[in-house]
């Protein structure tokens, strides 16, 4: 295993403790922990940025799929946390069900990564690396550009 790959999964492993902390906070069903949740969100974002700097060094497609599937999970988690934080900041409240939504999301991490996100990532990488897929996309885009019925900009 390459040094970059080891470092990436070390970062992912460190995020597991952050998930546990988030679970504990959300199990309180209280807006009083918004600051701590914001800090966790920032930490996850910073960790993802470190991973993205190392990602170009990964050459094996299997490893790329694993990394990107994990990244998809964390992007979605950040999105959910951001929604929570904005709701609290703007409205000083959030629907009680949202706590369960986040808890369920975190609890289903591995099934999401190994199922939904891995499938999405495989399709994305296939589209990115496949000459055939790029040719299809290029054909479609060229056809769309030359379409006489497309709306014109004013």
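Key figures for this structure:
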read-out	value
Qualifying residue in the range 93-105 (condition: touching a helix residue (DSSP H, G or I) at 6+ places or on another chain (Cβ under 6 Å), surrounded by 12 or more Cβ atoms within 10 Å (Cβ to Cβ) and at pLDDT below 95)	yes
Matching residues in the range 38-54 - criterion: being surrounded by 13 or more Cβ atoms within 10 Å (Cβ to Cβ) and within 15 Å of residue 73 (Cβ to Cβ)	40, 41, 44, 45, 47, 48, 51
Index of the failed condition, residue 45 passing every other in (1) free of Cβ contacts under 8 Å to residues at least 40 places away in the same chain; (2) closer than 19 Å to residue 108 by Cα	(2)
One residue from 76, 27, 35, 60 being at pLDDT 95 or above, under 20 Å from residue 119 (Cβ atoms) and surrounded by fewer than 16 Cβ atoms within 10 Å (Cβ to Cβ)	76
Residues being under 18 Å from residue 41 (Cβ atoms) and assigned to a helix (DSSP H, G or I) - total across the range 92-103	5
Residue in the range 117-135 that is farthest from residue 65 (Cα to Cα), counting only those that are exposed (fewer than 13 other Cβ atoms within 10 Å of the Cβ) and modelled with pLDDT of 85 or more	135
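The values are calculated or read from the model by the stated rules, or taken from the named source; none is laboratory data. All of these numbers come straight from a predicted model, not from anything done at the bench. When we count neighbours, we look across all protein chains shown, and the Cβ atoms used for this are built from the backbone with ideal geometry, even at glycine.
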